[in-house]
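Structure first, commentary second.
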Amino acid sequence: MPGTFLNEFISSQDVIIKLGKQRGRDTRRIGFSEKFAEYYDPNKTKGSLFKPRKYPMFCSPDEWKKDLSGGGYLIKEDHSFAFNVKSSKQRICIISEYKKNSFDKTFLKALNLLQQTPYNINKKILNTMKHFHGSTSYGNNLTKKLLQDQTLSLADDLADRTFYIPWYLDFRGRMYSSVLQISPQSHDEGRSLLVFSEKKHIDKHNECASLENLAVFGYSKYGSPTGKVSKEKMISWIESNERDIFKSAQDPILNFEFWQKASDRYSFLAFCFEWKNIQQSKAGERYTNIPVYVDGTCNGFQHYAALLRDHISAPFVNLVDGEIPGDFYQNVVDKLHSSAGTTDFSDDITRKFVAEFVDRSFIKKSIISAGYGAGLERRSKVTSKNLHDALVQKYGKNWFQVIGLATENSIEDKDIKLLEKARKIEKQIDDAIKDICPAFSQAKNWLTGVQSLFNENNKCLCWNNPAGVPVHNFYYQFPVYEISLYMDGKLHKIQFRDYESTQEMSLRKKKTSSSISPNYIHSLDAGHAAKIITSFVKSLGKNTPHCIASVHDSFACHTTHVNALQKIIREQFCEMHSKNQLKIFKDQVEQFFDVSLPDLPSFGNLDLNDVLKSRYFFY
């Protein structure tokens with residue numbers, strides 16, 4: 001009966017929902033139909049269907065308690081729990097492990113501190129965004145249009161208020177904003193709308209460092225226009241473009257050409273407003289409240305290198321100091337281009353693709369995905385799509401002739417051919433990563449071997465992250481139920497998993513094996529983040545209001561405090577990894593489960609103290 005009702009609703013409306021098959025997957029997705037654009041009018045629609053699910057708060061959120069409950073919004077949901085997990089079974093596992101052991105509570109302190117940061121809306125950004133919103137083309141991406149409409153509507157509601165953002169944890173201890181549209185973890189537009197409600201004074205003692213750090217931030221938000229260069233050259237670029245920066249801030253609507261070329265254009269425009277305001281204010285009257293972010297360099301690979309003291313990859317991920325920042329992505333690109341001139345690629349077409357299309361931006365997402373455990377086949381499908389888009393852009397509608405196909409070949413033939421080339425490219429990316437960061441494959445293979453022991457016994461592998469979070473590599477075969485829908489004369493089947501099932505279940509062994517490495521690394525960066533937040537707030541003193549934001553491996557504070565934040569990031573990373581985290585993991589697992597694990601991989605020659613001197617570790 002529910003299926004019949006849903007079928008009737010979808011068929012009769014024909015304006016909101018459509019069923020489609022995701023490329024390369026046997027999964028059905030529910031999305032917006034083409035007629036949705038005709039139906040949806042943000043100025044008329046006031047119903048809850050198009051409203052944000054979660055809002056910021058006008059008071060400080062409740063603190064999460066030691067029993068992991070009671071935090072966030074004042075009105076609690078049915079299961080108010082610090083961890084956002086899908087099933088009761090997983091929730092019980094976390095609570096059981098939490099009560100059983102005497103855990104460090106750093107993760108709870110960090111979560112509560114994030115919630116206490118007060119924000120305001122950047123009205124200059126809001127006004128500019130509203131002006132250009134009507135002329136922005138979203139093509140067929142109606143979801144993006146809906147998100148942008150929600151963002152602007154929410155910003156209007158918040159424009160004259162101070163507000164707070166509730167936070168929660170995922171099962172690895174990573175901290176997430178409850179608000180999607182406007183938060184430090186939002187898209188560029190949503191992030192750029194935020195300013196700290198607390199303004200900091202720029203005086204003669206902190207002026208030089210404050211302006212330098214703000215300039216480096218502006219350079220990065222523009223998209224590193226002259227590449228990976230020294231801090232001095234980043235600042236020089238800002239100074240040489242100051243006229244355009246001032247014009248953008250003076251009238252961003254009239255003078256839009258410069259700032260709209262930025263990779264994060266509204267974040268860069270927020271920088272322009274701040275830079276002009278500070279530079280044109282009198283000494284003693286300079287204040288700042290823009291969040292200035294510092295980011296890790298391929299942070300997953302930073303942790304891999306530190307785990308095994310990998311001196312080979314250390315310069316590429318800025319674990320050691322250099323005159324300019326290391327560039328892991330570009331080094332992979334260089335290796336691919338070098339390989340393209342040899343017999344490593346088995347055909348001329350693939351070599352041509354590498355020479356023409358493979359650059360830093362083309363492979364960045366693939367490298368990040370590889371670092372977090374995505375397999376070659378999954379990455380090849382993404383690369384295949386990127387190749388298709390690049391070919392269409394360069395060669396037009398007859399792009400398929402470049403790969404040796406004729407007009408009469410089917411779309412399926414073309415997809416298969418492209419996927420074949422993408423696999424070869426991804427294989428070379430894997431080989432390049434192994435050469436540049438040996439610790440990656442060594443640590444990943446060891447962790448996968450540990451997981452295989454647990455797969456054999458159908459046991460859920462668990463450990464504690466450095467901030468005290470009990471982490472479970474929790475992937476079970478939950479019962480699956482299917483709803484069949486007849487639409488347009490076709491049978492569509494949608495599957496639902498019953499995450500509340502109490503029956504005995506088997507592990508999803510393929511999933512646990514592919515997930516153990518990224519989940520372990522994420523548990524480390526979550527522990528690092530928690531320690532950074534608590535240490536930073538402590539360094540400010542009890543009577544100093546704190547403002548800090550986090551995006552996993554990126555942190556924001558006032559530009560006046562960036563140097564102090566960077567120092568703490570380096571110190572906490574060194575302190576955490578000086579304890580040999582893989583050995584701690586091994587000891588915990590052996591103690592928890594009374595098993596004997598394989599010997600750990602050997603160390604390289606990296607001196608972790610070098611991180612303390614690295615100017616570009618997080619910048």
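Normalising the Debye intensity of the chain to I(0), with uniform scatterers on Cα atoms only, and taking log10 at q = 0.06, 0.07, 0.08 Å⁻¹ returns -0.36, -0.50, -0.66.
Here is how the number arises for the chain: DSSP H runs of 4 or more residues each give -39500 (n - 2.57), the sum is divided by the residue count, and the result at 222 nm is -15000 deg cm²/dmol. Couplings 3J(HN,Hα) of the range 466-474, computed from phi: x, 9, x, 7, x, 9, 10, 7, 9 Hz, in residue order, whole Hz [Karplus 6.51 cos²θ - 1.76 cosθ + 1.60, θ = phi - 60°; x for Gly and Pro]. Inverting the pair-averaged 1/r between distinct Cα atoms of the range 519-619 gives 15.5 Å as its Kirkwood hydrodynamic radius. Modelled this way, with points 7 Å down the Cα-to-C-beta line, the labels at Gln503 and Leu142 are 3.7 nm from one another. Among the listed pairs Lys444/Lys509; Lys427/Lys511; Lys54/Lys459; Lys397/Lys417; Lys65/Lys538; Lys381/Lys586, a Cα-Cα separation exceeding 24 Å is found for Lys54/Lys459; Lys381/Lys586. Shown is the FRET efficiency for Lys130 and Ser69, computed with R0 = 30 Å from the Cβ-Cβ distance and rounded to the nearest 0.05: 0.15. Shape annotation for the range 130-240: C-alpha extents along the principal axes are 42, 36, 32 Å, from largest to smallest. Note on Lys613 and Leu491: their simple-model spin labels are 7.0 nm apart, each label 7 Å out from Cα toward Cβ. With a Förster radius of 25 Å applied to the beta-carbon distance between Tyr287 and Ile253, the computed FRET efficiency rounds to 0.50. Taking each residue as 0.36 nm, the span from Cys59 to Asp321 lengthens on full extension beyond its C-alpha to C-alpha distance by 90.0 nm. Between Glu77 and Glu482, the distance separating the two model label sites (each 7 Å from Cα on the Cα→Cβ line) works out to 3.0 nm. Of the residues Ser602, Ile483, Thr143, the one whose Cα sits farthest towards the positive end of the charge dipole of the chain is Ile483 (charges of +1 on Lys and Arg Cβ, -1 on Asp and Glu Cβ, taken about the Cα centre).
From the largest down, the range 410-552 spans 68, 45, 39 angstrom on the principal axes of its Cα atoms.
Would you mind putting 497-503, 91-97 in packing order, based on average other-beta-carbon counts within 10 Å, highest first?
91-97, 497-503
The slack between Arg161 and Cys208, meaning 0.36 nm per residue of separation minus the straight C-alpha distance, is 13.7 nm. Extension gain, Ser197-Lys99: 0.36 nm per intervening residue step, less the Cα-Cα distance, totals 31.5 nm. Mind grabbing the base-10 log of I(q)/I(0) for the range 314-436 at q = 0.09, 0.18, 0.23 Å⁻¹? Debye formula, identical points on the C-alpha positions, no solvent, two decimal places. One equal scatterer on each Cα of the range 314-436 leads to -0.27, -0.94, -1.38.
In the context of the full set of protein chains, the range 314-436 has a per residue accessible area of 49 Å² (1.4 Å probe).
Note down the relative contact order for the chain as a percent, whole number, built from C-alpha pairs under 8 angstrom at least six residues apart. 19 percent. Averaging 1/r over each pair of different alpha-carbon atoms in the range 69-203 and inverting the result gives 17.3 Å, the Kirkwood hydrodynamic radius.
For the chain, the share of accessible area belonging to carbon and sulfur comes to 48 percent (1.4 Å probe, ligands and nucleic acids excluded).
The values are calculated or read from the model by the stated rules, or taken from the named source; none is laboratory data. Predicted model only: the values in this text are computed from it and were never measured. Please note: Cβ atoms are built from the backbone with ideal geometry, for glycine as well, and neighbour counts cover all protein chains shown. To get the accessible areas, we keep the full protein, side chains included, count just its heavy atoms, and leave off ligands, DNA and RNA. Shrake-Rupley method; radii C 1.70, N 1.55, O 1.52, S 1.80 Å.
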